[in-house]
Every structure is written in structure tokens, then in C-alpha cells.
1. Assuming R0 = 22 Å, what is the FRET efficiency of Ser151 and Thr103, from their Cβ-Cβ distance, to the nearest 0.05?
2. Note down the nm distance, to one decimal, between modelled labels 7 Å out along Cα→Cβ at Ile49 and at Leu65.
3. Applying a 10 Å radius around every beta-carbon, put 27-37, 126-136, 2-12, 142-152 in order of their mean neighbour count, most first.
4. Using Cα centres only, tell me the gap between region 1-44 and region 113-148 in whole Å.
5. What nm value, rounded to one decimal, do you get for the distance between Leu178 and Ser110 when each label is placed 7 Å out toward the C-beta?
6. Hey, what do the phi angles of region 10-24 turn into as Karplus ³J(HN,Hα) couplings, whole Hz, using 6.51/-1.76/1.60 and θ = phi - 60°, x for Gly and Pro?
7. Round to the nearest 0.05 the FRET efficiency obtained for Trp121 and Val193 when R0 = 30 Å and r is the Cβ-Cβ distance.
8. Suppose the chain between Leu80 and Thr33 were pulled fully straight at 0.36 nm per residue; how much longer would it get relative to their current alpha carbon spacing?
Amino acid sequence: MSLDPLAILTAFGLIFLAELPDKTMFASLAMGTRMRPLYVWFGTSTAFIVHVAIAIGAGSLIGLLPDWIVKLVSALLFLLGAFMLLRGTGDDDDEETETKTVTGFWPVYSTAFMAVFISEWGDLTQITTANLAASNGTWSTAIGSTAALMSVSALALLAGRFIATRVPLKTVQRIGGLCMLGLAIWSVTEIFVG
């Protein structure tokens, strides 16, 4: 197992920026106001670990293809990610969570796990993680992606109200979209140069 620090930082940066304006951050914030935040974090983190493992497996399968096809698929997936972020969804405000208070470790853990596990299927961060695993290595991508997702969840639980009221999420989306657009261009360039 070899780890590439640049691949870890790349995965962390992209996934962090993509997940920040995501509805999962707001779900974590909402659950943290009604449930014990540490229990919520354990539940969301476990769900993220499972999703990263699934995405890494998919990316590993993509990585078995010829190099130029992997780069082309990577470019297309980065382009899709850039489009999704730059287009902006605007529907995060419509997401409401249940107002019922849940107590106890297992009920809170399972509620948080299921909320994230169900909502993250086919999410931009899962697609991006698979894409990065195909081109940047599985372990480095897994570490960077998992750390980013767990960090966003912790950030939402600790400082979510501050971020939601003071940092324009459209700006975060645009920065993430431009980074993915740059990576798409880079991936296409590698087909012809490398």
C-alpha cells in the first residue's frame, strides 16, 4: 500500500468543497440540534465510510480499463461534477428533517446513519470519489475522501449555524465547480500528452 500525499490532499479538497453546500451538511446540522452531536457524527461518519468503500470499489473497476479510457471517463465525470456544482441546485432550503427528538446512542446513531446512507447514493461526492480512485489510487483517495466527509459532518455539527448564515454557499459551489472543470481539462490533456 503506497500513499500519495498529493492524491490525499486532492481528494480531501475536492470532496470537502463538493460536500460543504450539500444537503447532508444541513441534515447533520439539523440532527445535531435535536440529538447528541457526537452520536450523530458517529452515525454520519459510518455511513460515509461505507459510501467511500463502495465508490473506491467502483473506481478500482474503472481503473482496470486502458489508461486513455480511464482518463476520458475521469474527464467526463469531472465535467459532470463541475456542471452540477456550477449549475447550482437551490433546493437545499427545501430539505426538512423530522422534528422528533431522538435519544440514546443506538437510536441516534441509526437515524444519522440511515439519513446519510440513503441520501448519498449517486451523490456528487460518491461519483467524484470513484473517479479519483480510478486515476489517483485507491488508498490515498479513500483517506482523503473519508477525512473530508467526516470533517464536513463535524463542521456542520460544531459550526453549522455560523457557516449557513455567513458564508455564501454559492461561492463554495463555484470554487468547487471551477476546480473540477480544471481537472476535467487536465484529464483530457493527459490523454494526448501522456
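Here, each number is a calculation from the coordinates, and none is a lab measurement. Here the structure is a predicted model, which is why all the values come from computation and not from measurement. For neighbour counting, all protein chains shown are included, and Cβ atoms are generated from backbone atoms with ideal geometry for every residue, glycine included.
1. For R0 = 22 Å, the calculated efficiency reads 0.25.
2. The answer from the label model is 3.1 nm.
3. 126-136, 142-152, 27-37, 2-12
4. 10
5. 4.6
6. 4, 4, 4, x, 5, 5, 4, 5, 6, 7, 3, x, 7, 5, 5
7. Here the calculated transfer efficiency is 0.25.
8. On the way: separation 47, 0.36 × 47 = 16.92 nm, distance 3.36 nm.
Difference between extended and current length: 13.6 nm.
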